[in-house]
Amino acid sequence: MADLTTTLCGIRMANPLVLASGVLGTTRAILTRAARAGAGAVTMKSISLEPRDGHPNPTILTFEAGVINAVGYSNPGVEEALAEFADLGDVPSPVIASVVGRNAEEFARVAERMARLPVAAIELPLSCPHTPGYGTLAGQSTPEATREITRAVRAVTAKPIFVKVSPNAQALGEIAAAAEQAGASAITAVNSMGPGMVINIEARRPVLAFKMGGVTGAALRPVALRCVYDIYRTVRIPVIGTGGVATGRHAIEMLMAGATAVGVGSAVAGGGVEVFARIAAEMAEWMDRNGVARVEELIGAAHR
Amino acid sequence: MQRIVEQPVMARVLERRDEAADLRTLWLERDMAFQPGQFVMVWIPELDEKPYTISALRPGRIALTVRRRGVFSSRLSDLRPGESVGLRGPYGKGYAIKPRGVLVAGGCGLAVLAPLKDALPDAPLIFGARTRGELLFLDRFPDMLLCTDDGSAGQRGFPTDLLRPRLERGEVGVVYTCGPEVMMKAVFDLCERHGVECQAALERYMKCGFGLCAQCACGDQRVCLDGPVFDSAALRRMEEFGHWARLKSGRRVTLNEYGNWRSCRP
Ligand SMILES: Cc1cc2nc3c(=O)[nH]c(=O)nc-3n(C[C@H](O)[C@H](O)[C@H](O)COP(=O)(O)OP(=O)(O)OC[C@H]3O[C@@H](n4cnc5c(N)ncnc54)[C@H](O)[C@@H]3O)c2cc1C
Ligand SMILES: Cc1cc2nc3c(=O)[nH]c(=O)nc-3n(C[C@H](O)[C@H](O)[C@H](O)COP(=O)(O)O)c2cc1C
Ligand code: FES
């Protein structure tokens with residue numbers, strides 16, 4: 001039987017699958033359920049300094065090739081998050097805290113406090129395409145901003161830092177390199193692409209209340225794979241390959257492109273919480289059939 | 001893997017009818033395979049999207065029964081025949097029908113139980129409201145067992161007062177309930193004391209409606225997909241049931257604060 005265990009920045013995982021931020025990650029109880037259902041690590045929904053209501057509904061829709069969302073970082077704020085996630089003892093997999101801010105100083109303030117929780121790593125999405133004041137819309141998706149924000153957070157915590165990048169970025173290699181130089185421990189690639197839009201032709205209006213939203217799931221997968229492939233060639237730190245993974249084959253593709261771990265988000269919409277156990281079983285089955293004993297043998301295989 | 005496209009489809013308002021003081025039924029042009037307890041997401045373009053139950057079904061048409069509370073429910077109530085709203089769904093798990101059921105509705109929770117009563121015409125239906133003017137569906141269900149907090153119609157007291165003797169006589173196999181959560185908690189606790197199964201439809205703020213975002217979390221359950229109807233085994237494990245709910249930001253507050261925010265009684 002193939003061995004799915006893997007180590008990411010010193011974090012030991014039962015399998016390479018990571019619950020992506022913003023999917024299911026709102027509470028301790030739900031994170032526990034996702035971990036019990038087989039996620040090798042789980043990520044919280046992104047936390048900001050102050051509570052945020054996010055955009056009005058509709059915020060999340062599916063289309064023929066994935067999900068489009070403009071949730072807009074709704075979250076209860078760092079103060080409440082510290083209480084919600086104070087005790088992570090029940091969660092059987094490592095927990096990653098996702099932290100957002102409007103500038104480097106705010107990132108550091110939130111990260112410093114979230115890092116006091118029993119979390120394994122801090123993730124910094126510099127790449128949300130649909131929340132004014134944050135991510136791409138605040139110019140965080142440049143090598144300069146990436147360097148500044150990563151440095152500021154590195155100064156307040158010794159825990160692993162994952163910098164999450166946008167598939168839209170022109171200078172993706174430079175952004176990943178800037179993150180690495182500034183002290184990032186891994187790159188999460190990628191966040192949602194776009195933004196895109198869906199129009200209801202009877203109503204003659206965009207359906208999302210914010211009109212546009214990040215595109216994820218199946219449509220994103222080939223783009224995410226190429227991003228992971230490129231980043232693997234540019235930096236030495238590990239990559240968490242995220243985007244459209246819904247089957248064991250997809251996860252193995254990500255590993256071969258250069259990922260050490262594999263994020264899963266939108267697939268929960270089609271497959272439920274059970275998707276993690278299913279993908280892991282499919283990976284093990286493929287590895288057995290193809291004489292692959294360990295995950296490491298697959299990482300970056302497409303480059304050799 | 002099956003992929004469903006979760007996007008609203010517009011439906012025209014055919015007719016509307018006033019049920020009680022601030023409660024109105026809208027009939028919409030649509031056929032739907034709907035199980036009592038499920039819900040749909042109702043979209044008013046450029047305003048918002050919220051969950052509602054289907055309160056009645058006929059060939060080619062479905063009904064929404066809406067209490068006027070805030071901006072959205074007022075705009076929805078004021079839609080005129082010929083105008084349209086978007087619908088997606090139905091979503092969630094409905095009531096699981098078992099022998100010797102009794103229905104216990106509180107306030108506009110009757111909208112949720114009404115199609116179940118249509119399916120189980122012989123099952124007793126206990127309906128409580130605060131006062132006479134808030135009663136609804138009196139013509140549709142003439143055999144309802146009524147109570148009001150102020151005694152202005154039916155027995156004076158809580159729906160639990162009407163349920164208790166039936167549980168004591170051992171004539172109840174299962175209780176289906178929907179209404180303010182404090183009432184459902186009281187109904188559940190009473191059922192527990194008598195060892196009778198209770199199925200309650202919970203209400204939480206929702207975003208996706210199909211289990212992706214966990215905005216609607218109650219314990220480790222997603223109300224939109226794992227519920228909204230939960231049985232006794234699930235309710236027992238949910239420490240938040242009857243006590244806490246989450247605001248739009250995800251902040252956990254008491255049911256009272258949640259109710260004030262939703263401008264409805266918890
Ligand atoms: C899935 C779902 C879908 C829904 N869909 C709709 C919809 O489409 N339209 C709609 O308008 N509403 C809907 N609701 C119902 C609505 O959310 C609740 O019923 C509402 O919060 C109740 O408010 P009320 O003002 O009508 O109740 P109230 O008038 O405040 O109370 C009703 C009854 O509850 C009793 N009660 C209150 N507290 C207690 C207690 N502590 N112990 C015992 N009895 C008590 C009262 O005595 C009274 O008899 C839905 C609910 C769910 C779960
Ligand atoms: C509904 C939804 C909400 C999301 N919210 C966040 C978020 O708060 N923070 C973040 O870093 N990424 C967020 N994302 C992006 C995911 O974490 C992930 O990077 C992206 O969806 C690609 O993976 P997937 O195709 O497996 O979903 C969200 C995605 C979805 C679908
Ligand atoms: S509303 Fe998104 S999971 Fe329930």
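The values are calculated or read from the model by the stated rules, or taken from the named source; none is laboratory data. Please read these numbers as outputs of a predicted model, since none were measured by experiment. Here Cβ is always computed from backbone atoms with ideal geometry, including for glycine, and neighbour counts include all displayed protein chains.
Assorted remarks:
Let's see how each residue does on (1) within 16 Å of ligand 2 (Cβ to nearest atom); (2) within 14 Å of chain A (Cβ to nearest Cβ); (3) loosely packed, with under 14 Cβ neighbours inside 10 Å; (4) farther than 26 Å from B:Arg262 by Cβ:
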| site | (1), (2), (3), (4) |
| --- | --- |
| B:Gly82 | no, yes, yes, yes |
| B:Tyr95 | no, no, no, no |
| B:Gly101 | no, no, no, yes |
| B:Pro115 | no, no, no, no |
| B:Pro121 | no, no, yes, yes |
| B:Phe127 | no, no, no, no |
| B:Phe141 | no, no, no, yes |
| B:Pro159 | no, no, no, no |
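- Across the stretch A:168-206, the number of residues qualifying as surrounded by fewer than 24 Cβ atoms within 10 Å (Cβ to Cβ) and within 15 Å of ligand 2 (Cβ to nearest atom) comes to 8.
- Annotation: of all residues in the stretch A:183-194 being modelled with pLDDT of 95 or more, out of contact with any Ser or Thr (no Cβ under 7 Å at 6 or more places or on another chain) and not polar (S, T, N, Q), the one that is nearest to B:Val9 (Cα to Cα) is A:Met193.
- Some residue of the stretch B:249-260 being within 14 Å of another protein chain (Cβ to nearest Cβ) and buried (at least 24 other Cβ atoms within 10 Å of the Cβ): yes
Yes or no, residue by residue, for (1) touching a residue at least 40 places away in the same chain (Cβ under 8 Å); (2) in contact with a Cys (Cβ under 6 Å, 6 or more places away or on another chain):
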{"position": "B:Arg222", "(1), (2)": "no, yes"}
{"position": "B:Leu225", "(1), (2)": "yes, no"}
{"position": "B:Val229", "(1), (2)": "yes, no"}
{"position": "B:Glu239", "(1), (2)": "no, no"}
{"position": "B:Leu247", "(1), (2)": "yes, no"}
{"position": "B:Gly250", "(1), (2)": "no, no"}
{"position": "B:Thr254", "(1), (2)": "no, no"}
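- All positions within the stretch A:207-227 that are surrounded by fewer than 19 Cβ atoms within 10 Å (Cβ to Cβ) and of a type outside the set (Val, Ile, Thr): A:Lys211, A:Met212, A:Pro222, A:Arg226
- Verdict on B:Val223 being at pLDDT 95 or above, within 14 Å of chain A (Cβ to nearest Cβ), within 15 Å of the chain's Cα centre (by Cα) and within 16 Å of ligand 3 (Cβ to nearest atom): yes
- Failed criterion for A:Asp230 (all others in (1) free of Cβ contacts under 8 Å to residues at least 60 places away in the same chain; (2) crowded, with 24+ Cβ neighbours inside 10 Å hold): (2)
- Criterion violated by A:Glu180 - all others in (1) more than 18 Å from A:Ala261 (Cα to Cα); (2) part of a helix (DSSP H, G or I) satisfied: (1)
- Summed over the stretch B:127-159, residues that are part of a loop (DSSP other than H, G, I, E, B), over 21 Å from B:Pro115 (Cα atoms) and not charged (D, E, K, R) total 7.
- Taken over the stretch A:39-65, residues that are surrounded by 21 or more Cβ atoms within 10 Å (Cβ to Cβ), of a type outside the set (Val, Ile, Thr) and more than 9 Å from chain B (Cβ to nearest Cβ) amount to 7.
- Qualifying residues in the stretch B:186-219 (those that are assigned to a strand (DSSP E or B) and more than 14 Å from chain A (Cβ to nearest Cβ)) - the one farthest from ligand 3 (Cβ to nearest atom): B:Glu197
- The number of residues in the stretch A:146-175 that are in contact with a helix residue (DSSP H, G or I) (Cβ under 7 Å, 6 or more places away or on another chain) and within 23 Å of A:Gly258 (Cβ to Cβ) comes to 15.
- Within the stretch A:66-109, the set of residues being buried (at least 24 other Cβ atoms within 10 Å of the Cβ) and part of a strand (DSSP E or B) comprises A:Gly66, A:Val67, A:Ile68, A:Asn69, A:Asn75, A:Ile96, A:Ala97, A:Ser98, A:Val99.
- Matching residues in the stretch B:142-159 - criterion: being within 15 Å of ligand 1 (Cβ to nearest atom) and within 14 Å of B:Pro124 (Cβ to Cβ): B:Met144, B:Leu145, B:Leu146, B:Cys147, B:Gly154, B:Gln155, B:Pro159
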